[in-house]
Amino acid sequence: MSQIVNTAKEQIKECIIAAAKKAILNNELPEAELTDFIIEVPANRDHGDYAVNAAMSWARNFRTAPRKIAETLMANADFENTYIDRYEIAGPGFINFFLGDNYYSDIVADIDKLGAKYGKSNYGENKRVLVEFVSANPTGPMHIGNARGGALGDCLAAVLDAAGFEVEREFYINDAGNQINKFGLSLDLRYKQIFDNSIEMPEDSYHGADIIAHATAFADIHADKYLSATEEERRQALVQFALPKNIQGLHDDLLKYRIEYNTWFKESTLHESGETTRIIELLKKSGHTYEKEDALWFKGSDFGAEDFVLVRSNGVPTYVVPDIAYHYNKLVTRGFDKAIDILGADHHGYVPRLKAALTALGVDANRLDVVLMQMVRLVRDGEVIKASKRSGKAITLVTLLEEVPIDAARFFFNLREANSHFDFDLDLAVEESSQNPVYYVQYAYARICSILRNLEADGITLGECTADDLKLLNTAEERELIVHLAALTEEIKTAARTYDPARMTHYVTELATKFHKFYNACRVRGIEENLMRARVMLCRDTAVVIKNILSMLKIDAPESM
């Protein structure tokens, strides 16, 4: 909420407490503890700007009927020099407060003064947060799930930043382990197929066209030279040739998607630095490991998780060990206050294991938060588009962005909470109509820019807008719009606290609706100059807030459409 909203709520609280103390002093209420009470926005704004339940909360303390308490409180209340204009006592003892014209005028003036800074807060107290997202295996192009994860993760990072956290974005490159071994196998077979087409690809290898392209490019340079090399040498050479190209491709594709990372962290560095081995030793020392059938197990059951293998009987660590080392690196070695991972819903069982291991290592597992993301389906003409990654016919991030504007992709992928399934309507995403939410919001911004341009083109200069001018903004549509504008800061804080950037797309879509409603009901031109000044400022403030949110989401705010 804006500072004006905070001030108004604080004034209400202080008035209630001061009135209670006065009533106690005058023996109108018995001596009692003034416990906490709730100040909230009523569901029906006709019932006031804020409703207070102090009388109900204190009924047992004062041993008095709530309505009698409310009447006594209001008889002793002093609203001088506050935003409070009047009150009503409702039902069993709710006190409904109605705020004066100066409350609404100050909100509009505050937005105008803060401009691009409006909505930001110090809620996060500069705590260091690392948001890791996408982290697609570098063995092939990014699929549609990565497209959703990219938009969610990047926008969540932006929300956290606006809420006052010190945020860094990170991509974890899985450049070691089984998937790289399979990558090397697939490249090897495709390379050998160039010289012997009788060689077949196993079902569980990578069949994508990118594997063929890499093998062909490698053969164009080295011809059949590596056919005589050992299998290990050949695969290593192929991986060293293809992997950097894939990683650069991920970098380029994500940059096109308007995502820039502070760090690209390679899994291989954990092995090279000995951090993976060190984690195994630390877990042994923790006393929560045991050996079974020549394998080393972690006793996750000590921490409410399942037991799992750390080191196989052949001496090779399982995939979870570098993951534990990686998160230990985030929270201990680099000292982030919080690590947030955006992962697919199929990682549900993996999270308790990771948290259990961190706890055994002496790390507060609550410093790791995981946002589990459900699958997304692409829909065209009402039909779900089915694709198979293994067959090489998956719809990738790149092919999606060739068909759908980046603005639409980023907005659409943030229309739903991460844990909800989502159907991405390809037809709607390119439609230029009010049915398309991103177009609808951008049109509202462009409409305001057009209003301001036309005033300037017609030579209409309005001069400085005063507080008295702003007090003229008193229609239901104007007040509704102002109240929504005032809620931005709190909405950003809530989105940051709940890790739900979809709240921002919902908020700005509703803001566009409220602006259109205001504009259709309230003329901006051809009215008294003082009211025109006020309404022009309200239009300008609305544009500021729309642009602030779209900028946060890295979506364009076009001045004309």
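The values are calculated or read from the model by the stated rules, or taken from the named source; none is laboratory data. Treat the numbers as computed from the prediction; the structure is a model and nothing was measured. Please note: Cβ atoms are built from the backbone with ideal geometry, for glycine as well, and neighbour counts cover all protein chains shown. Ligands, DNA and RNA are stripped out before the accessible areas are found, and what is left, the full protein with its side chains, is counted by its heavy atoms. Shrake-Rupley method; radii C 1.70, N 1.55, O 1.52, S 1.80 Å.
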query = Antiparallel DSSP bridges in the chain: what percent, to the nearest 5?
reply = 50
key: GluC sites (Glu not before Pro) restricted to DSSP loop in the range 438-532 with at most 16 other C-beta within 10 Å   = GLU464, GLU528
Surrounding net charge for ILE340, when Lys and Arg each add one and Asp and Glu each subtract one, Cβ distance under 9 Å = -2
task = Summarise the accessible area of the chain (1.4 Å probe, protein heavy atoms) by the percent that is carbon and sulfur.
result = 47
inquiry  = Let me check I've understood the local charge: for ASP220, count other residues with C-beta under 14 angstrom from its C-beta, Lys and Arg +1, Asp and Glu -1. What total comes out?
reply    = +2
query = Quick one: of the DSSP bridges fully inside the range 46-171, what percent are antiparallel, nearest 5?
reply = 65
task = Of the options PHE97, PRO66, ALA54, report the single residue whose Cα projects farthest towards the positive end of the charge dipole of the range 40-102 (beta-carbon charges: Lys, Arg +1; Asp, Glu -1).
result = PRO66
query = Cα gyration tensor of the range 212-264, axes a ≥ b ≥ c as square roots of the eigenvalues: rounded (a/c below 1.5), prolate (a/b > b/c) or oblate?
reply = prolate
task = Under 1.5 on a/c is rounded, so check that first for the chain, then, if it is not, pick prolate when a/b is larger than b/c and oblate when it is not; a ≥ b ≥ c are the square roots of the alpha carbon gyration tensor eigenvalues.
result = oblate
query = Under a point spin-label approximation (7 Å from Cα along Cα-to-Cβ), what is the ASP302-ALA223 distance to one decimal in nm?
reply = 6.1
request  = Provide the gained length on full extension for the span TRP264 to TYR290, in nm with one decimal, where the gain is 0.36 nm per separating residue minus the Cα-Cα distance.
outcome  = 5.9 nm
Full-stretch length increase - ASN81, ASP204 - with 0.36 nm per residue and alpha-carbon distance subtracted = 36.9 nm
task = For each pair in LYS9/LYS338; LYS256/LYS547; LYS120/LYS256; LYS120/LYS471; LYS266/LYS338; LYS245/LYS284, compute the distance between the two Cα atoms and list the pairs where it is over 29 Å.
result = LYS9/LYS338; LYS245/LYS284
query = Counting only heavy atoms of protein chains, what accessible area per residue, in Å², does the chain have with a probe of 1.4 Å?
reply = 47
task = Using a Förster distance of 41 angstrom, determine the FRET efficiency expected from the C-beta separation of THR475 and GLU125, and round it to 0.05.
result = 0.55
note = Restricting to lysines and to Cα separations under 21 Å from LYS13, and discarding same-chain partners fewer than 8 apart, the set is LYS21, LYS22, LYS68
Estimated 222 nm signal from helices in the chain, with DSSP H stretches of n ≥ 4 weighted -39500 (n - 2.57), rounded to 500 = -15500 deg cm²/dmol
Alpha-carbon centroid distance for the pair the range 424-502 / the range 27-88, whole angstrom = 35
remark   = Here the net charge surrounding ASP556, from other residues whose Cβ is less than 13 Å away from its Cβ (Lys, Arg +1; Asp, Glu -1), is +2
ask   = Where in the chain lies the longest segment free of trypsin sites (Lys or Arg not before Pro) that are both loop residues by DSSP (not H, G, I, E, B) and have at most 16 other Cβ atoms within 10 Å?
value = 128-311
